[in-house]
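To start, the structure itself, in structure tokens.
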Amino acid sequence: MSNYTSFMLGLKLATDPRWVNIVEKSLEEILIDHAYCEQKAASSCISMIIKYASFKQVVDVLTPIVAEEWAHFERVLEQLYKRGFQLGLPRKDEYVVALQSFKKKGGSREDQLLEDLLVNALIEARSCERFKLLHQELRDTELKNFYYELMVSEAGHYTNFIRLAKHYLPEDQVDYRWEEFLKEEARILNTLALRPDRVH
């Protein structure tokens, strides 16, 4: 099923199913990292709203996403506290750092917007794929249902980012650059070890 989800999202590489087995042995670690992922997602959207304040559609689409991502952060905290865990220290997200380094520098404001939107779309797509795995494979019923809800939400965010890009730039340009990002993302994943303390 993970292969099917990856295909639907355009991802070139499915997550190794062993990842869930590793995660299940260390729920505290994955929940901590997940909390920070939601926090960073909200911060990223805020940054884009500030950076592209003159792009009305960007402001209108991303503003509710900020609220949703922050609500997710609060809900992950709730899951942590229910299990007697605390929010630990943030971890460096090597996956996101690598994706950010693939962005093209310079160009028009629209070109810069495209790079920012596609990075965020890819992070949401990968999160969606992994949340589906957690929903399907975790034995914890409450977390299974929790990750189903978040999977649906992340899929919506991914779609919104792609639609925004095509609102401001030609569809063929967006599709071409998206394909380049997908190939690079698969290459990046192949360089990263499976870890129980990372969503990505």
Next on the checklist: Against the condition charged (D, E, K, R), at pLDDT below 95, surrounded by 14 or more Cβ atoms within 10 Å (Cβ to Cβ) and farther than 16 Å from Phe181 by Cα, how does Glu142 come out, does it pass?
Outcome noted: no
Checklist entry - Condition test on Gln173, is it under 17 Å from Asn21 (Cα atoms), among the polar types (S, T, N, Q), surrounded by 14 or more Cβ atoms within 10 Å (Cβ to Cβ) and out of contact with any Cys (no Cβ under 8 Å at 6 or more places or on another chain)? => result no
Item to check | Given (1) over 29 Å from Ile22 (Cα atoms); (2) in contact with a Phe, Trp or Tyr (Cβ under 7 Å, 6 or more places away or on another chain), index of the condition Glu184 fails | outcome: (1)
Item to check | Asp111 vs. criteria more than 15 Å from the chain's Cα centre (by Cα) and under 14 Å from Ala165 (Cβ atoms) | outcome: yes
Item to check | Residue among Ala71, Ala53, Ala67 that is within 23 Å of Asp197 (Cα to Cα) and of a type in the set (A, V, I, L, M) | outcome: Ala71
Next on the checklist: Go through region 37-89 and report how many residues are polar (S, T, N, Q) and out of contact with any Leu (no Cβ under 8 Å at 6 or more places or on another chain).
Outcome noted: 6
Next on the checklist: Can you find, within region 149-179, the residue that is modelled with the lowest pLDDT among those that are touching a Phe, Trp or Tyr at 6+ places or on another chain (Cβ under 8 Å) and not hydrophobic (A, V, I, L, M, F, W, C)?
Outcome noted: Glu154
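The values are calculated or read from the model by the stated rules, or taken from the named source; none is laboratory data. Just so we're clear, the structure is a prediction, and the values are computed from it rather than from any experiment. As a convention, Cβ positions derive from the backbone with ideal geometry for all residues, glycine included, and neighbour counts pool all protein chains shown.
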